[in-house]
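Chemist: Right, I'll just put the structure down here and ask away after.
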Amino acid sequence: MSKEKLLRIENLTLHFNTQKGPVQAVDGVFFELGHKEAVVVLGESGCGKSSLAKALLRLLPRNVSRYDGKVYLEGTEIMGMDDETYRRNVRWIRMSLVPQAAMNSLNPVLKVGDQVAEPMVVHHGVKKEEALVQAAKMFQHVGVPVDFLDRYAFELSGGMRQRVAIAMALVTAPGLVVLDEPTSALDVLTQANIFNVLKRLKHELEVSFILITHDIATSSELADSVAVMYAGQIVETSDARSFFKEPLHPYSRMLMASVPRLRANIEPEFITGQPPSLLHPPTGCRFADRCPKRFSKCSEEPPVFNVESKQVKCWLYES
Amino acid sequence: MTTTTNEKKTLVEVKHLVKYFPVRAGLLQRTVAHVQAVDDVSFNIKEGETVGMVGESGCGKTTIGRTMLRLVEPTSGEVIVDGKDVFKMRAPQLKEMRRNMQIIFQDPYASLDPRMPIGESVMEGLNIHKMGTKQERYELMLKTLKKVGLEEYHSRRYPHEFSGGQRQRIGIARALALQPKFIVCDEPVSALDVSIQSQVLNILKDLQKEFGLTYLFIAHNLSVVEHISDRVAVMYLGKMVELATREDLYREPLHPYTRALMSAIPIPDPSIKRERIILKGDVPSPLNPPKGCRFHTRCPIAVSQCSQEEPQFKEVKPNHWVACWLAE
């Protein structure tokens, strides 16, 4: 690692307490992200993707039982900070979030312009007028007409609301934005529009993205690298080009094969069974029960193997 | 596929279907406006065929499916199933007819009664139609569950004990139990993870082969529709803008809206570079749709005629119907 990466996550863990026992939502997650890059975190529902977003931004519910690991943001470790330092120096200053269902996360009784300006007032202590100027600038970047500043969320369409939520995450000029399923509730045409906006922003504002999604096809538009998540763990990291051509982990392969493709006469496949419960995840490889390539070794937990520049958590790649 | 479907008999015929929802306001709840959800839509479905229906949210896809089964009363038009007009039927005939027409709902999490074991849910239709003896109904229920890959012990469980994919299969079993001829599939896979979508699609295909079912398959995902349909209809703001065989529509879309939709489909391969058609603005409100062609406000190739006169839905090539002035 010659150059300092923007973000390096090592062994990030987030467990929740429930009446039935601890839920291992995020378990030893690792990946890296460079400047002006986008990493896609792929996985099925319930694999811990959104918990990962919460863990990164430290937006934790009360029932957390375990929260540790190391996260280096531009070289500084942020997990060791106390909550106030974190709030002052990291959240929305260097890293922000576009929450899931961002369309419905706007306050219905505040004008959207005020909402977009709010992080500037709170985090940078600027006057409201200045903040509104900044908000107007952001509206232009994400492609919302500036006169929408005075509108309320219900007056905007789904795609416009999503853009406003993105503007709110970008207004304080953070270097990293976490997008949690930014387009899953939108139509194809609106999806394509939002992704074009994100691509442009990556260049214009020199911002990096962590894109959390289950939509493999759409995510390929933006991705520079890919991290595949299964049952709370990262099972593969790779650069986007080789991942979309030929993923390594059996889970990634089956996930890719299940995507219906246009004008292709290949029948999409499916993965039998369902992901294991994160309450009592299986010992050994967590995918073993659904894996067509399992063999005796899979009852032990595989370590992470390096294959060229990629990393795979699967015994098949033991060399 | 085009040649074989031509010889087959038409099972469902939709003629000039219109559905306006009144918007009421004020103290007296007077009707102040109408949402033109479906406006003059005609098409037919042949026996054993799957017609896919795509469009953005709010374009009236679901309303068409529901009015066809008279789950929503139509404003005007005709739906003829098996030679009989569904809209003219009185309650007893309609009940009889519903045995032949079933629906699979969009959200498998919301469409099953949470307090009813799923076996009961699947048997409910059989009980209502008093089909066979109690024992026969029970056996038919088990047989149907097996068809969708569920076992006898599952029948005593409640919906919350199942995953999304399993629930959608229960929804299919519920529709299938009455051995209908025609099933409206209203976005049956859009709430499911990709990894199990194709499982549900495969079940639908297999059942079609086995029982000769006819489907109206409503979805917003063009790639999913391509995999299951024989013909595909494209909806925009309550109007049908294009209808063609799957091969023709995906090879040569004629309506500019269809072309934009096609170009927006993501391909999971970053090495492919494509020209994308980006539509400006949003879908206009169906409360007050634009005059002339409803798409002219966003159309990249609109001419002056488009804002004046409404284009007819015409067959411009054999089996390829389009409503666009420029496609003639």
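Chemist: Could you look at segment A:102-173 and say what percent of its accessible area is carbon and sulfur, using a 1.4 Å probe and all protein chains? All intermediate terms of the calculation are to be shown ahead of the outcome.
Modeler: Numbers: 1810 of 3320 Å².
For segment A:102-173, the apolar C and S fraction of the accessible surface comes to 54 percent.
Chemist: Normalise the Cα radius of gyration of chain B by 2.2 N^0.38 Å (N = residues in it) and let me know the number.
Modeler: That ratio works out to 1.04.
Chemist: Still on this structure, please answer the following. Please give the helix A:112-124 orientation as an angle from the longest Cα principal axis of chain A, in degrees from 0 to 90, rounded to the nearest 10.
Modeler: Value to nearest ten degrees: 80.
Chemist: Note the angle between two axes, namely the Cα long axis of helix B:194-211 and the longest principal axis of the Cα atoms of chain B, as a number of degrees from 0 to 90, rounded to the nearest 10.
Modeler: In chain B, helix B:194-211 runs at an angle near 70 degrees to the longest axis.
Chemist: Can you give the local net charge around A:Ala25? Use residues other than it whose beta-carbon is closer than 11 angstrom to its beta-carbon, Lys and Arg +1, Asp and Glu -1.
Modeler: In short, +2.
Chemist: Further question on the same structure: I want to check the label-to-label distance for B:Ile278 and B:Arg115. Put each point 7 Å from Cα in the C-beta direction and report it in nm to one decimal.
Modeler: 5.2
Chemist: Ok, one more. Build a GNM of chain A with springs between Cα atoms under 10 Å: which of A:Glu267, A:Glu155, A:Glu301 gets the top mean-square fluctuation?
Modeler: A:Glu267
Chemist: Starting from the Cα-Cα distance between B:Asn202 and B:Glu247, subtract it from 0.36 nm times their residue separation and give me the gain in nm to one decimal.
Modeler: 14.2 nm
Chemist: List the aspartates and glutamates whose Cα lies under 13 Å from the Cα of B:Lys134, skipping any in the same chain that are fewer than 8 positions away.
Modeler: Filter leaves B:Glu120, B:Glu124.
Chemist: Separate question: Please work out the Cα convex hull volume for the protein assembly as shown and give it in Å³ per residue. Present the calculation step by step, with values, prior to reporting the outcome.
Modeler: Working: hull volume 121.6 nm³, N = 647.
It comes to 188 Å³ per residue, whole-number rounded.
Chemist: What is the magnitude of the charge dipole of chain A about its Cα centre, with +1 placed on the Cβ of each Lys and Arg, -1 on the Cβ of each Asp and Glu, and no other charges, expressed in debye to the nearest 20?
Modeler: With only Lys, Arg, Asp and Glu charged at Cβ, the dipole is about 160 debye.
Chemist: For the protein assembly as shown, what is the accessible area per residue in Å² when the probe is 1.4 Å?
Modeler: 45
Chemist: Mind checking which lysines have their C-alpha under 21 Å from A:Lys128, skipping anything on the same chain fewer than 8 residues away?
Modeler: Cross-link targets: A:Lys111, A:Lys137.
Chemist: Right, something else. Check the straight Cα-Cα distances from B:Lys314 and name the lysines below 24 Å, setting aside those fewer than 8 residues away within the same chain.
Modeler: B:Lys8, B:Lys9, B:Lys15, B:Lys19, B:Lys46, B:Lys61, B:Lys239, B:Lys291
Chemist: Express in nm, to one decimal, how much length is gained between B:Leu71 and B:Lys8 on full extension, taking 0.36 nm for each residue of separation and deducting their alpha carbon distance.
Modeler: 19.9 nm
Chemist: What full-extension length gain, to one decimal in nm, is calculated for A:Asp68 and A:Ala101 as 0.36 nm per residue of separation minus the Cα-Cα distance? Working shown, then result.
Modeler: Numbers: separation 33, 0.36 × 33 = 11.88 nm, distance 2.71 nm.
My answer for the length gained is 9.2 nm.
Chemist: If I build a Gaussian network model for chain B, linking alpha-carbon pairs within less than 10 angstrom, which residue out of B:Val200, B:Val303, B:Val32 has the largest mean-square fluctuation?
Modeler: Maximum fluctuation in the GNM of chain B, among the listed residues, is at B:Val32.
Chemist: Now, a different point. Using Cα pairs closer than 8 Å and at least 6 residues apart in sequence, work out the relative contact order for segment B:108-202, in percent.
Modeler: On the way: 95 pairs, mean separation 33.3, N = 95.
That works out to 35 percent.
Chemist: Here's a follow-up. Tell me the angle of helix B:134-147 to the major Cα principal axis of chain B, expressed in degrees between 0 and 90 and rounded to the nearest ten.
Modeler: Rounded to the nearest ten degrees, it is 50.
Chemist: Follow-up question, since we're still on this one. Could you give me the ³J(HN,Hα) list for segment A:295-312, computed from phi with Karplus coefficients 6.51, -1.76, 1.60 and θ = phi - 60°, whole Hz, x at Gly and Pro?
Modeler: Karplus values, whole Hz, x for Gly and Pro: 9, 3, 5, 5, 6, 9, 5, x, x, 8, 9, 8, 10, 6, 8, 9, 10, 9.
Chemist: Pop the C-beta distance of B:Arg156 and B:Ser190 into the FRET formula with R0 = 41 Å and round what comes out to the nearest 0.05.
Modeler: For R0 = 41 Å, the calculated efficiency reads 0.90.
Chemist: Using a 1.4 Å probe on protein heavy atoms, which residues of segment A:250-264 have at least 50 Å² less accessible area in the complex than alone?
Modeler: In segment A:250-264, residues shielded by partner chains: A:Pro260, A:Arg261, A:Leu262, A:Arg263.
Chemist: Considering the alpha-carbon set of segment A:165-319 alone, what are its Rg and its Dmax in angstrom?
Modeler: Here Rg and the maximum Cα pair distance are 17.4, 52 Å.
Chemist: Something else now. At a probe radius of 1.4 Å, figure out the B/A buried accessible area, summed over both chains, and give it in Å² to the nearest 100.
Modeler: 3300
Chemist: How far apart, in nm, are the 7 Å Cα→Cβ label points at B:Lys209 and B:Asn288?
Modeler: 5.3
Chemist: Next question, about the same structure. With N set to the number of residues, divide the alpha-carbon radius of gyration of chain A by 2.2 N^0.38 Å and report two decimals.
Modeler: Relative to the 2.2 N^0.38 Å estimate, chain A comes out at 1.02.
Chemist: Along segment B:16-21, what does the Karplus equation 6.51 cos²θ - 1.76 cosθ + 1.60 (θ = phi - 60°) give for ³J(HN,Hα), rounded to whole Hz, x for Gly and Pro?
Modeler: Coupling constants for segment B:16-21: 6, 5, 10, 9, 10, 9 Hz.
Chemist: What would the Debye formula give as log10 I(q)/I(0) at q = 0.21, 0.24, 0.26 Å⁻¹ for the alpha-carbon point model of segment A:102-173, no solvent?
Modeler: -0.77, -1.01, -1.19
Chemist: Given a cut-off of under 8 Å on Cα pairs at least six residues apart, what relative contact order in percent is computed for chain A?
Modeler: Values: 596 pairs, mean separation 64.3, N = 319.
The value is 20 percent.
Chemist: Pick out, in residue order, every one of the trypsin sites (Lys or Arg not before Pro) in segment A:59-154 that is DSSP loop and has at most 16 other C-beta atoms within 10 Å; say none if there are none.
Modeler: Here the sparse-neighbourhood loop sites are A:Arg62, A:Lys127, A:Arg151.
Chemist: Then there is this: Distance in nm between label sites at A:Arg241 and A:His203, each 7 Å beyond Cα in the beta-carbon direction?
Modeler: Computed distance between label sites A:Arg241 and A:His203 equals 1.8 nm.
The values are calculated or read from the model by the stated rules, or taken from the named source; none is laboratory data. Keep in mind the model is a prediction, meaning the values are calculated, not measured. Neighbour counts run over all protein chains shown; Cβ positions are idealised from the backbone, glycine included. Please note that ligands, DNA and RNA were not included when accessible areas were found on the heavy atoms of the full protein model with its side chains. Shrake-Rupley method; radii C 1.70, N 1.55, O 1.52, S 1.80 Å.
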